[in-house]
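Visitor: Questions regarding the structure given below will be posed in turn.
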Amino acid sequence: MNMRNLIISIFLSLFAFTSVCMAEQYSAVSLGYTKHIAEDPHDSGGTTYYSDPEENGFVLGIALGQRSDGISTEVETNYYSEVSQKLTSDVTVDVSTFASMLNVMATPGENEIYGIIGGGVGFGYSMVDTSYTSGSTTFNGDESTFNFGYQLILGLGADNYEVVFKHSNFGEVEGGSGTTSAGDTYNADEFDNVYNSIAFRIKY
């Protein structure tokens, strides 16, 4: 069993165990603002780009979970909206991500007001659409990447409302590769797919 499968098995076992205990069951919907970061951009040929561009977007999410004795466990699915990142003066990529995470969080305090601190592991399905233009030479291509992901979570809750900050990393993704309009080889652009987000959640 590799490390990824071991981590997933541990979290699924924890989720199954807490399901049989006395717990407050809940569902949640969320809407938030994101700062997407194309971290450490480079191409598959080894060329490193000059900066880690950032772009604003939004995130929509749903979750199913439970809270018992100050611990919350939940399965969460999010859609991170498409953002356009300028990796170089010639290269623009459009990036969007679907993610499914298993979160475990300490929630100290009473229902009226409580803190949130924890993290999650899971997977992200990222789509990168590449557009390259240099003079009269162009290239357009897309690629999807299915990666292991993790996130760190901080927040504050009161009754059925929560404000949550997340730092989410869905690993290295890449755009399309192939042949340019001039007949040259185009190497895939690659970067770490990172989101910082703040979201408002309603639990019911």
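Derivation of every value follows stated rules applied to the coordinates shown; laboratory data play no part. Every value quoted in this text rests on a predicted model; they were computed, and no experiment measured them. Cβ: placed from backbone, ideal geometry, glycine included. Neighbour counts: every protein chain shown.
Visitor: Taking Cα Rg over 2.2 N^0.38 Å straight from the coordinates, which label in [x] 2.54; [y] 1.17; [z] 1.03 is the correct one?
Guide: Answer by label: [y].
Visitor: Please check: in the Gaussian network model of the chain (C-alpha springs, under 10 Å), which one of Thr92, Thr145, Thr47 has the largest mean-square fluctuation.
Guide: Judging by the Gaussian network model, the answer is Thr47.
Visitor: Could you state the angle between the C-alpha long axis of helix 3-19 and the longest principal axis of the C-alpha atoms of the chain, as a value from 0 to 90 degrees rounded to the nearest 10?
Guide: 30 degrees
Visitor: Which one, Thr137, Gly120, Ala99, projects farthest toward the positive side of the charge dipole computed for segment 76-138 from Cβ point charges (K/R +1, D/E -1)?
Guide: Of the listed residues, the answer is Thr137.
Visitor: Further question on the same structure: How many angstrom lie between the C-alpha centres of segment 128-169 and segment 108-122?
Guide: 23 Å
Visitor: In nm, what is the difference between 0.36 nm times the number of residues separating Thr88 and Thr179 and their Cα-Cα distance? Write down the numbers at each step before the final one.
Guide: Numbers: separation 91, 0.36 × 91 = 32.76 nm, distance 1.87 nm.
My answer for the length gained is 30.9 nm.
Visitor: Okay, next question. Find out how many positive minus negative residues lie around Gly32, taking Lys and Arg as positive, Asp and Glu as negative, among other residues whose Cβ is under 14 Å from that of Gly32.
Guide: Numbers: positive: Lys35, Lys166, Arg201; negative: Glu76, Glu162.
In short, +1.
Visitor: Can you give the calculated 222 nm mean residue ellipticity of the chain, where each DSSP H run of n ≥ 4 adds -39,500 (n - 2.57) and the sum is split over every residue, rounded to the nearest 500 deg cm²/dmol?
Guide: Numbers: 1 runs with 17 residues, N = 204.
After summing the helix terms and dividing by the residues of the chain, the value is -3000 deg cm²/dmol.
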